[in-house]
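One structure is given below, represented as structure tokens, and several questions about it will come after.
The values are calculated or read from the model by the stated rules, or taken from the named source; none is laboratory data. Predicted model only: the values in this text are computed from it and were never measured. As a convention, Cβ positions derive from the backbone with ideal geometry for all residues, glycine included, and neighbour counts pool all protein chains shown.
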Amino acid sequence: MTTLETGEDQQLIEKFSDALWLERGLSRNTLSAYQSDLRKLVDWLRANRGYGLLLAQRADLLSYLAELTQQGRKPRSSARLPSCLRQFYQYGLREGWVTTDPSTRIDAPKIGRPLPKSLTESEVEALLNAPQLEEAEGFRDRTMLEVLYATGLRVSELVGLRPEQVSLTQGVIRVVGKGGKERLVPMGDEA
């Protein structure tokens, strides 16, 4: 493996990541996970096959996925990888990097949706009463907890809120969630 070859793969990954951000508006976390998945695949391909992303064949990708499964990779991470590969190679086809898509007919493992864990009423009360309201940070923390509890926002949505997204007179929050989808979320009186 030469530095030049690895650098070429890295450039492809960066171009792909930029395109995903522009075209699909994926979050930084998702983009980072895709980049990490592709870098690990590059490392595996170089170590086991002697070539990079553009020469990978379907059999290579299946071998890599099988190895990850044998190593005990979590099902959710394993489900993300085929999606990442499909998107990467479809982008590669559009850009003319590859002439065939080696990720075709590679299915993601089926994963069930876990049931959400819920808190008891006493646990919720203890959580809401934990911040020290004598301090500004405590008041902020209590407000954040109340908003989370009342609205069901994701933590990432809450910490990304700007003042202009909150209407106290109407009692709603305008949230831009996953995939850039916007929604209005009602707040409770306490929140």
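Before we move on, is Arg46 modelled with pLDDT of 90 or more, charged (D, E, K, R) and either within 17 Å of the chain's Cα centre (by Cα) or assigned by TED's automatic domain parsing to the domain that holds Val176 (or both)? Spell out how you get there, then give the answer.
Working: modelled with pLDDT of 90 or more: yes; charged (D, E, K, R): yes; either within 17 Å of the chain's Cα centre (by Cα) or assigned by TED's automatic domain parsing to the domain that holds Val176 (or both): no.
So Arg46 does not fit the description; no.
Let me ask you something else. Can you go through Leu161, Leu153 and tell me which one is part of a loop (DSSP other than H, G, I, E, B), in contact (Cβ under 8 Å) with a residue 24 or more places away in the chain and at negative phi? Lay out the reasoning, then the answer.
Details: Leu161 fails: in contact (Cβ under 8 Å) with a residue 24 or more places away in the chain.
Going through Leu161, Leu153 in turn, the sole match is Leu153.
If you don't mind, another one. Looking at the stretch 129-143, I want the residues that are free of Cβ contacts under 8 Å to residues at least 40 places away in the same chain and have a partner that is assigned to a helix (DSSP H, G or I) with Cβ atoms under 6 Å, at least 6 apart or on another chain. Which pairs are those?
Pro131/Gly138; Pro131/Asp141; Pro131/Arg142; Gln132/Gly138; Leu133/Phe139
To keep it simple, each residue is scored yes or no on (1) modelled with pLDDT of 90 or more; (2) of a type in the set (A, V, I, L, M, F, W, C).
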position: Tyr34; (1), (2): yes, no
position: Lys40; (1), (2): yes, no
position: Ala66; (1), (2): no, yes
position: Gly72; (1), (2): no, no
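Additional query: Output yes when any residue across the stretch 33-46 is over 18 Å from Gln10 (Cβ atoms), surrounded by fewer than 16 Cβ atoms within 10 Å (Cβ to Cβ) and among the polar types (S, T, N, Q), and no when none is.
Restricting attention to the stretch 33-46, the residues satisfying the condition of being over 18 Å from Gln10 (Cβ atoms) are none.
No, the stretch 33-46 has no match at all.
List the number of the failed condition for Thr99; all other conditions in (1) over 25 Å from Asp9 (Cβ atoms); (2) modelled with pLDDT of 85 or more; (3) loosely packed, with under 10 Cβ neighbours inside 10 Å hold.
If we test Thr99 against (1) over 25 Å from Asp9 (Cβ atoms); (2) modelled with pLDDT of 85 or more; (3) loosely packed, with under 10 Cβ neighbours inside 10 Å, just (1) comes out false.
Could you tell me whether Gln165 is farther than 21 Å from Pro116 by Cβ, surrounded by 12 or more Cβ atoms within 10 Å (Cβ to Cβ) and out of contact with any Ser or Thr (no Cβ under 8 Å at 6 or more places or on another chain)?
Numbers: farther than 21 Å from Pro116 by Cβ: yes; surrounded by 12 or more Cβ atoms within 10 Å (Cβ to Cβ): yes; out of contact with any Ser or Thr (no Cβ under 8 Å at 6 or more places or on another chain): yes.
Yes: the conditions hold for Gln165.
So in the stretch 103-132, with the set limited to residues that are modelled with pLDDT of 85 or more and surrounded by 13 or more Cβ atoms within 10 Å (Cβ to Cβ), which one is farthest from Arg86 (Cα to Cα)?
So the residue we want is Pro131.
Let me ask another. For the stretch 164-191, which positions are part of a loop (DSSP other than H, G, I, E, B) and small (Gly, Ala, Ser)?
Here is the first cut: in the stretch 164-191, the ones part of a loop (DSSP other than H, G, I, E, B) are 168-171, 177, 181, 187-191.
Matches in the stretch 164-191: Gly171, Gly177, Gly188, Ala191.
What residue, among those in the stretch 51-93 that are small (Gly, Ala, Ser) and in a helix (DSSP H, G or I), is farthest from the chain's Cα centre (by Cα)?
In the first step, residues of the stretch 51-93 are kept if they are small (Gly, Ala, Ser); the result is 52, 56, 59, 63, 66, 72, 77-79, 83, 92.
Narrowing further to those that are in a helix (DSSP H, G or I): 59, 63, 66, 77-79, 83, 92.
Values: Ala59: 27, Ser63: 24, Ala66: 22, Ser77: 10, Ser78: 13, Ala79: 12, Ser83: 12, Gly92: 21 Å.
So, considering only residues that are small (Gly, Ala, Ser) and in a helix (DSSP H, G or I), the one farthest from the chain's Cα centre (by Cα) is Ala59.
Ser78: closer than 24 Å to Asp18 by Cβ, of a type in the set (Ser, Thr, Tyr) and assigned by TED's automatic domain parsing to the domain that holds Arg46, yes or no? First the steps, then the outcome.
Working: closer than 24 Å to Asp18 by Cβ: no; of a type in the set (Ser, Thr, Tyr): yes; assigned by TED's automatic domain parsing to the domain that holds Arg46: yes.
It is false that Ser78 is closer than 24 Å to Asp18 by Cβ, of a type in the set (Ser, Thr, Tyr) and assigned by TED's automatic domain parsing to the domain that holds Arg46.
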